[in-house]
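The values are calculated or read from the model by the stated rules, or taken from the named source; none is laboratory data. Just so it is clear, the model here is predicted, and its values are computed rather than measured. Surface areas here come from the heavy atoms of the whole protein model, side chains and all, with no ligands, DNA or RNA. Shrake-Rupley method; radii C 1.70, N 1.55, O 1.52, S 1.80 Å.
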Amino acid sequence: LESELAFSSNSANQLLNPVLLQITKENQIANALKQIEENKGFLDLPKKISTLVSQDNFEKVLDEYKIGQTLFSEMRSRYPSNPLYPRVWSKIQEIIDNYRESMFESLRSIHLENINDNFQTQINQRGTNFILIIKKIILLGSEKSPIKEFINAQYSRAALDLENGLSTIQYDRLINAR
């Protein structure tokens, strides 16, 4: 009787364990889908911000970035062990860092001779002047100072011109440099 009972118990386990395992997997998938649906806004942010960066729509990029910061802090507190949300935030940070670096490059490319006495500049290829670029970098947050970067770029350019000889520097450029 014991052997027959053990055999029937073993047979029942072989039949029920896959069913129970399948039910558990279905519940996990349902929970994951529910979580994705609830947090769709956050999960779509990398694509959205990337599109806005390619359009150079700074105001919307800044708005979406701030929304992302808020949502990420919520995700971190609600789902501390989920590795998906830190990866999404990492991608957002990468996009913002690249955007910020492109602004730094644009800032470094502005020549001092294009700035007049009232600190007005000619419009550069991005359609903004150096003051707006500095403001945008500051609003995005940066460890590097955009003002120092701008001054260092101008100093390096003027120092290189001086090394090549004063005859290559135009008079108004020399006055602006001083």
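Ordered from highest to lowest accessible area with the whole protein assembly present and a 1.4 Å probe, R100, R108, R76 read as R76, R108, R100. Cross-linked pairs K66/K91; K48/K135; K40/K66; K91/K148; K34/K60; K40/K91: Cα-Cα separations exceed 25 Å for K91/K148; K34/K60.
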